[in-house]
Amino acid sequence: MSKAKKDKMIDILLLCMIILPFVFCMVLKVLTTPGSEGISITGALVYFEIPMPLMPLQITEVQVTSLAVIISIFSLCLYMTHGIAVVPNSKRQLVAEYVVEKVNHLIHDNMGSKYASFAPFVAAIMGISAFSSFSSLLGLFPPTSDMNIVAGWAILVFVIITHYKLKGGIFPYVKGFFEPVPIFAPFNIIGEIATPVSMSFRHYGNVLSGVVIATLINSALGGLSEMILGWLPGFLGDIPFLRVGIPAVLSVYFDIFSGAMQAFIFAMLTMLYVATGFPEEEYEKRQAKKKKKALSAAQ
Amino acid sequence: MLELAIGIILAGCAIGAGLALIAGIGPGIGEGNAVAKACEAIGRQPESKGAVTSTMIMGCAIAETTGLYGLVVGILLIFVAPGIFTGVLKSTLEAMNYLPK
């Protein structure tokens, strides 16, 4: 097999890997959704439960969809970077370079050049969040409209923020809670806990409101089309014609704009919290002290 | 009597959801202010339109958070709370032997 043919085969395989997880999710959803009349705004479908000591661990549609999103993004990255050369010879390499450059610029502008290693993490959060929100365009339950998923990301970000705050030593971190006066300690602690809560609620509420409004409009259009076009003979009267296409207009705002916006904001807040929480002076003092100790130990 | 109790629960949940959405006033005023100031800034310096617009959208999305808290509480009150409260009521009445098991 020639090299060009092999490359083409790999490309096709990767393209399939991008699309197939979503197709699998859609088929799974169609097969398992119980038929119902009218509107029903419930949480994600529960596929099965795994017994756990405290409470059963539910494997829902959301987990499956977010895994599909992860696989899809992974394959997309492989596809974009397949066959890259020093001198770009394909369009996708240009696109990939553009994305990487943009993210690097964003990090540089908002956090400073010290944090250049943060770029992959921020890009990953942005990508997974945007793709999760966009998955509702395919009729799936968007993973970001489930509190669990977004709260997981927010807790991850909170751990990273705390890690960076602790880099200046434990004492300055604890002391930070008692500023400007010790009476403020409870408020400061509440403010600290509020960070992940507000981050997750913001993202989750935005996407969830889109889902709820889309469901309400869908059901209203179904009723309207039954009222207006119900006189059509036979099965034609049962088809809700007004549902075709009209809800897609709302999707432009609620799914595409809102989803992309929230992904950007989540990443932006991550960057800002990490960059502002990092105690630079204390860290440098600590490093200098460590160096001195190492020097004296060497002597 | 149980029907009356469940009716009171549903009414309370609906009124609570309505009250929760009063939270929408704050972000509405705040975002209006932000957009007004952004319009002023663009009027004064039309060349900085791109930067002003992106900063404004970002700020608006963050200012929206408090309104979304109200929305989340409202949605929980409409779709989740009635079931929980009715279940609690029923189990309490059963425990007190008011209801046939």
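The values are calculated or read from the model by the stated rules, or taken from the named source; none is laboratory data. These numbers come from a predicted model, not from an experiment. In this analysis, Cβ positions are derived from the backbone assuming ideal geometry, glycine residues included, and neighbour counts consider all displayed protein chains. Side chains are part of the model used for accessible areas, which takes the heavy atoms of the whole protein and leaves out ligands, DNA and RNA. Shrake-Rupley method; radii C 1.70, N 1.55, O 1.52, S 1.80 Å.
The table for this structure:
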item: Pairs of Cα atoms farther than 34 Å apart, chain A, %; result: 41
item: Förster-model FRET efficiency, 41 Å R0, A:Leu31 and B:Leu2, C-beta, rounded to 0.05; result: 0.60
item: Low-density loop positions, chymotrypsin sites (Phe, Trp or Tyr not before Pro), region A:207-255 - DSSP coil, at most 13 other Cβ in 10 Å; result: A:Trp231
item: Rounded, prolate or oblate (a/c below 1.5 giving rounded, otherwise prolate when a/b exceeds b/c) for region B:2-95 by Cα gyration tensor; result: prolate
item: Candidates per GluC sites (Glu not before Pro) in region A:210-299, loop by DSSP, up to 10 other Cβ within 10 Å; result: none
item: Dipole-positive endmost among A:Leu295, A:Phe178, A:Gly277 within region A:170-299 (Cβ charges, Cα centre); result: A:Leu295
item: Restricting region B:41-101 to chymotrypsin sites (Phe, Trp or Tyr not before Pro) in coil, as DSSP defines it, with at most 12 other Cβ within 10 Å; result: B:Tyr98
item: Reachable aspartates and glutamates from A:Lys292, criterion Cα separation under 19 angstrom, eight or more residues apart if same chain; result: A:Glu280, A:Glu281, A:Glu282, A:Glu284
item: Accessible area in square angstrom per residue, region A:3-291, 1.4 angstrom probe; result: 60
item: Per residue accessible area in Å² of chain B, where ligands, DNA and RNA are left out and the probe is 1.4 Å; result: 63
item: Per-residue average of Cβ from other chains inside 10 Å of B:61-72; result: 5
item: Per-residue mean of C-beta atoms belonging to partner chains within 10 Å, peptide B:77-85; result: 1
item: D_trans [Stokes-Einstein, Kirkwood Rh over alpha-carbon pairs] for region A:186-299, 25 °C, 0.890 mPa s, µm² s⁻¹; result: 127
item: Estimated FRET transfer efficiency when R0 is 22 angstrom, pair B:Ala51-A:Asn104 (beta carbons, to 0.05); result: 0.70
item: Gap separating the Cα centres of region A:237-253 and region A:177-222, nearest whole Å; result: 30
item: Angle between chain A longest axis and helix A:185-229 axis [Cα atoms, degrees, rounded to 10]; result: 10
item: Shielded residues, region A:198-224 - accessible-area loss of 10 Å² or more between chain alone and all protein chains, probe 1.4 Å; result: A:Ser198, A:Phe201, A:Arg202, A:Tyr204, A:Gly205, A:Asn206, A:Leu208, A:Ser209, A:Val212
item: Residue-averaged 222 nm ellipticity for the protein assembly as shown, from DSSP H runs of 4+ at -39500 (n - 2.57), nearest 500; result: -24500 deg cm²/dmol
item: Accessible surface buried once B binds A (1.4 Å probe; total of both sides; Å²); result: 1300
item: Test item: Cα-centred dipole of region A:3-291, Lys/Arg +1 and Asp/Glu -1 on Cβ, debye; result: 1140
item: Charge dipole (region B:2-95, unit charges on Cβ, about Cα centre) - positive-most of B:Ala41, B:Ala20, B:Ala63; result: B:Ala41
item: Apportionment of accessible area to carbon and sulfur, the protein assembly as shown, percent (1.4 Å); result: 72
item: Chain A - percent relative contact order, Cα under 8 Å, separation 6 or more; result: 21
